[in-house]
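Everything on this sheet refers to the single structure shown next.
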Amino acid sequence: MKRIVLYVQDKCPHCKDAQRYLDSKGIKYRLQNAKLHRGRRELDAMGARSLPVLKVGDQIMVGWNSKNFDELYKS
């Protein structure tokens, strides 16, 4: 199973959509707040400038789209 990290920020509606989707599918993930030092450092290392960001294994998905996530998760 691929490790998933979801980078979010408070009050981000797309971040909430991603969380709800993962929860509804029973997919385990690590939630990382982009405002915290660790989250900001990891996002900076990836070069990500918008949220949400999902790290699925060693692949990065910026933004939220359930179909794109499903394809990335299954590949």
Checklist entry - At Gln59 and Ser24, where each label point lies 7 Å from the Cα along Cα→Cβ, what is the point-to-point distance in nanometres? => result 2.2 nm
Checklist entry - Given 0.36 nm per residue, what is the gain on full extension from Ser50 to Gln9 after removing their alpha carbon distance, in nm? => result 13.8 nm
Next on the checklist: I want to check a number: in the stretch 4-74, how many lysine pairs have alpha carbons closer than 19 Å, given a sequence separation of 8 or more or different chains?
Outcome noted: 15
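All of the numbers you see were taken from the coordinates with simple rules; none came from a lab. Please read these numbers as outputs of a predicted model, since none were measured by experiment. Note: ideal-geometry Cβ built from the backbone for every residue, glycine included; neighbour counts use all protein chains shown.
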